[in-house]
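The values are calculated or read from the model by the stated rules, or taken from the named source; none is laboratory data. All of these numbers come straight from a predicted model, not from anything done at the bench. All Cβ positions, glycine included, derive from the backbone under ideal geometry; neighbour counts span all protein chains shown.
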Amino acid sequence: MKENNPITDFLKNKMLRRTFLKWSGAIGVPVVLGGIGVKQFIEYKEAHTTVSKKDIPEKIISTCSVNNCGGRCVIKAHVKDGVVVRVSTDTQEGDDLSTPPLRACVRGRNYRKMLYHPDRLKYPMKRVGKRGEGKFERITWEEAVDTIAKEVKRIGETYGPESRYDNYASGQCWGLHGGSAAVRKLLSLTGGFLNYRNDYSSGAANVATPYTYGTNNSGSSFDSLLYSKYIILWGQNPSEMIFSTPYREYLMKAKLNGAKIVVIDPRYTDTVVAFADEWIPILPTTDNALMDAMGYVIVTEKLHDQAFLDKYCIGFDEAHMPKGIDKKESVKSYLLGDKDGIAKTPEWAERICHVPADKIREIARNYATMKPAALIQGWGPQRHAFGEQFARGGAHLACLTGNVGKLGCWAAGTGYWNRANIVSPFSYENPVKASIPCFLWTKAVEMGTEMTSADGLEGTDKLKSSIKLIFNMAGNMLINQHADINKTRKLLEDESKVEFIVVSDLFMTPSAKYADILLPGTTFFERWDIGVPWCFGDYVVFGEKTIKPLYECRDEYDVFAEVAGKLGVKDKYLENGSTILDLVKESVKRTKKELDPTFPSFEEFRKKGVHHFTFNEPLIGFKKQIDDIEKNPFETPSGKIELFSKALWDLHQQEDIPAIAKYIPAWEGPSDPLKEKYPLQLIGWHYKRRCHSTYDNQEWLEEAAKQEMWLNPQDAKARGISNGDRVQVFNDRGSLVIDVRVTERIIPGVAAIPQGAWYSPNESGIDQRGSLNVLTSQRPTVLAKANPQQTNLVEVKKV
Amino acid sequence: MDSVPFKQQNELIPILIARKNFYQFLIFLFSEPKNNEYFIEIRDNGKMNELEEMGKGGQLLHHFFLSLTDEKIKAEKEEYSRLFLGPGPIRAPLWASFYLSKDHLLFDESTYQVRKFYHQYGLQYIKENNEPDDHLLLEIEFMVSLIDSCSEETDRFQINRLLADQIYFLTTHLLPWIPAFMKTVIKNTESQLYKGAVLLLHDFLTFDLEVLCEIKEAILE
Ligand code: SF4
């Protein structure tokens, strides 16, 4: 080699002298450098058949999200080369309401962004810092499974099966399977777990309505609304929380058919904007005062349906009281004030609920005369201190006017209805019979062994242990969605109370922070399923596995099969099917065989993406009973509608659990003396940019609708607050900061924060995101022991 | 085409090795810091004082290695999780498409493009469609594989082509997102290790591009 060759000279003398290369050329490769980083490439087999991306055909796969929004819609994933490149939704036109289009809402437009969001939980983790601190270390699946199996066993052996608990969680609850089902099956096979009852949605109503009607199925199918002349949506906001995907199409059609729609709500909601002829603003927790006054008007103006009341109801007037009960305990006596000396006049109610007396008269008359009329109750208003009264009070009105059991009517109350089902093949039987109301799980952690039937403990007199092990599968009830976050936080941070917490989720939610073992779950794109709407809706949606799970994410079904293997119960665990796909196929097969011969085959269903059940006529709640009550009595003790419930009377708690629905002033309601200190009522609402707390971390949705509090100009002015200001909202339980929107769209005296924002405390514990539950209370409702999360007094100040 | 041997292969190889070493050092810096011994080994045998001359990034790293303790490594582990790994909102994802796509997503357009490029070289990410193909470490590994191929070549034309490919890969895939990545890291951390690493990454890649262009020019002459 000639030394004077310019290339040689350049390479040898110039290049290698440059700083970077001088160093790295000289260090040699320390042994370690060579060893770092596993080789991550393999040979690409199809090297010579490479087609350019343009030529790769786009495949459209129909699937379905199974979050806890009341809607259930068709999600079409456009897949190219194993990657979802775009998401669209049902394109079907909406003319035929028997097969309504199932279009995604605004949240669905974010699904691809959710799927490929950089913050997805990607690998199993174990906690390394203090619990709740958020410090984790990546582990293998093997270690995760091992640890879970060991702890399930250890805690079961040490404290007994009642110490093991699968917390209320709804992030993936409207499909055939999911983390909770998997966990429960596993726990059932290894001794059992502590059950819970009821829910956080309609908890008070669920317990109260059956005292009146014998069931919660007091609703009618949406097509019945096409015959209604007058519709009251009482605290219901389907425009944002969806309730059921086709519901809004029916409401629109009902409106076109001439129905007058009235919305009663503290807020001028999107539902008011879209559907209402009239908005009636009302103070939270005072709905029963309005109901009582409407009843008073109807009865005193003789607009009530006496024949209906005589024939079907117990307790309306003196002539129809149960034996041995004072006649003055009837609904009519109460309304007229025979016993307490207070006639429930519109003027009386106006002072309480702030609906003008004349307006009360008007809607009472309209409701009683524009028949058939449908009084549909949302569940927000029953999430308060005496929410039971709300559910029963609505039912009272429906009965007073005879708007029950007939086409175009609606019986109020909880309002469930359902006539289209599929078989769920995944089953378990829990050997433990003890159960608690779901809202009291923190009590069962704190002092489980001291709980009694007065706390709603059932199935046992006494628990043998407090909760020591919690599974929290795709849920945020572990801290964010449960009431009184600061209280819960202390409880969870105490590692001597709950000893082991497993969380599976898609993102690092506030609840996930409290995990000891954190598992990366799959989105609906990454697994098979069948999505069903919240009971309401005559259809089911096929959930095709669109892509393979990303990263090291896994379906809980498979994870817990492995745990079951470690504990020697794998065969039993897999008895309903060894894979999720088996479960889906089995469900289709059995649904066709056992429930509906017109149900499609697996392949047909997959191709169509959706199955609409068709019916010749609307489902009318209680039609059977109203047509022939002799043959079809109500499922109450008396066989009639119990406006007066003897069963409740016998509880001897007339003050807060009356036998007939009454207005009871709520603690932390508008007449609580605490108002001196905390003068504003605070409520939450289901925000369109989130499904409960799901998607709160999705930036694009925050652009669509940001987290902000609503406050009336009067209240803002009194505090020197202007639109857009950042304010602090606080009471004795906690404190948060949030931007405020000053708007006439909310009644004076009330502040409203969209529920579900992720708890983000700063160093002094003040939430920075507007997470409502730092301000809510764990004090349960009296009868149902349900969540009262709309019952809060707060003060607001500018920061 | 007839094979034309490249006469200066002996001189080229040390440069290729030096470049490869540097890339491997970068792989080390951006891998999850699992093993304390690696840090100690590099401190002891890595001629760390020379890092001082390599700009701000080198200086930060030099200081980091000078005052290495177990405590410090532990803190950097936590920092690595916070910045790159999760769980939770990761501050500076290690994937190109996060910086190149409108919505800051993974598995976006750039993921595909780089995948196609790998495929053309007969390579496929072992986790294709499971993790995105445009991870920093994978892109660097790909550079290393191009360097390796180049070292094995003797044909002048082929060497020239492989150098061109490296230039192409740097300019089209690896470099475009590095400035944004660097800014993001710097904005989000006080860590000497990761501030230093990202500055060094940026400086070295820019430098390497120059080197490649100059070599290629020199060879062509
Ligand atoms: S939130 Fe509900 S309605 Fe909206 S896209 Fe998702 S599943 Fe569909």
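Quick notes on this structure:
- When each of B:S81, B:S67, B:S31 is tested for being of a type in the set (G, A, S) and more than 20 Å from the chain's Cα centre (by Cα), the lone residue that passes is B:S67.
- Test: residue in region B:113-124 that is surrounded by fewer than 21 Cβ atoms within 10 Å (Cβ to Cβ) and under 17 Å from A:D119 (Cβ atoms): no
- Test: A:V774 is at pLDDT 95 or above, more than 21 Å from the chain's Cα centre (by Cα) and aliphatic (A, V, I, L, M): no
- Residue match in region B:147-154 (condition: under 14 Å from B:K116 (Cα atoms), of a type in the set (S, T, Y) and out of contact with any Pro (no Cβ under 6 Å at 6 or more places or on another chain)): no
- Taking region A:511-545 as the range and being within 14 Å of chain B (Cβ to nearest Cβ) and out of contact with any Lys or Arg (no Cβ under 9 Å at 6 or more places or on another chain) as the test, the residues that pass are A:S511, A:A512.
- Out of A:G770, A:G765, A:G724, A:G684, sole residue that is away from the ligand (no atom under 16 Å from the Cβ), assigned to a loop (DSSP other than H, G, I, E, B) and closer than 30 Å to A:Y111 by Cβ: A:G770
- Region B:126-174: number of residues that are basic (K, R) and in a loop (DSSP other than H, G, I, E, B): 1
- Total residues in region B:175-221, condition under 20 Å from B:L94 (Cβ atoms) and either within 12 Å of chain A (Cβ to nearest Cβ) or not in a loop (DSSP other than H, G, I, E, B) (or both): 27
- Residues that are over 21 Å from B:M182 (Cα atoms) and either at the interface with chain A (Cβ under 9 Å from one of its Cβ atoms) or not in a helix (DSSP H, G or I) (or both), drawn from region B:45-84: B:N45, B:G46, B:K47, B:E50, B:S67, B:L68, B:T69
- Of residues in region A:244-262 being within 11 Å of the ligand (Cβ to nearest atom) and closer than 25 Å to A:I363 by Cα, the one nearest to the other protein chains (Cβ to nearest Cβ): A:R248
- Some residue of region A:343-357 being assigned to a helix (DSSP H, G or I), farther than 30 Å from A:D166 by Cα and of a type in the set (S, T, N, Q): no
- Test result for A:W348, crowded, with 24+ Cβ neighbours inside 10 Å and of a type in the set (A, V, I, L, M, F, W, C): no
- Any pair with Cβ under 9 angstrom, 6 or more apart, that starts in region A:107-136 at a residue that is more than 7 Å from every other protein chain (Cβ to nearest Cβ) and among the aromatic types (F, W, Y) and ends at one that is within 16 Å of the ligand (Cβ to nearest atom) and not in a helix (DSSP H, G or I): A:Y111/A:S65; A:Y111/A:I75; A:Y111/A:A77; A:Y111/A:V84; A:Y111/A:V87; A:Y111/A:A104; A:Y111/A:T523
- Hits in region B:61-74 (condition: farther than 16 Å from A:W23 by Cα, in contact (Cβ under 8 Å) with a residue 12 or more places away in the chain and either small (G, A, S) or touching a Leu at 6+ places or on another chain (Cβ under 7 Å) (or both)): B:F64
- Qualifying residue in region A:652-661 (condition: within 30 Å of A:A169 (Cβ to Cβ), at pLDDT 95 or above and among the small types (G, A, S)): no
Yes/no matrix, rows are residues, columns are (1) over 20 Å from B:M143 (Cβ atoms); (2) modelled with pLDDT under 85; (3) surrounded by fewer than 22 Cβ atoms within 10 Å (Cβ to Cβ):
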position	(1), (2), (3)
B:L12	no, no, no
B:N21	no, no, no
B:S31	no, no, yes
B:I40	yes, no, yes
B:E50	yes, no, yes
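- The set of residues from region A:68-101 being among the aliphatic types (A, V, I, L, M) and near the ligand (Cβ under 8 Å from one of its atoms) comprises just one member, A:I75.
- The listed residue being over 30 Å from A:F599 (Cβ atoms) and of a type in the set (G, A, S), out of A:A395, A:A420: A:A395
- Selection from region A:515-534 of residues that are aromatic (F, W, Y), modelled with pLDDT of 95 or more and farther than 21 Å from A:W141 by Cβ: A:F524
- Taken over region A:641-671, the criterion of being charged (D, E, K, R), buried (at least 21 other Cβ atoms within 10 Å of the Cβ) and either assigned to a loop (DSSP other than H, G, I, E, B) or in the same structural domain as A:G749 (by TED's automatic domain parsing) (or both) is satisfied by A:K662, A:E668.
- Residues of region A:56-67 that are more than 13 Å from A:Q172 (Cα to Cα) and either within 9 Å of the ligand (Cβ to nearest atom) or acidic (D, E) (or both): A:E58 alone.
- Count of region A:239-253 residues which are touching a Phe, Trp or Tyr at 6+ places or on another chain (Cβ under 8 Å), farther than 14 Å from A:V272 by Cα and of a type in the set (S, T, Y): 3
- Of all residues making up region A:10-57, the number that are out of contact with any helix residue (DSSP H, G or I) (no Cβ under 6 Å at 6 or more places or on another chain), in a helix (DSSP H, G or I) and modelled with pLDDT of 75 or more: 2
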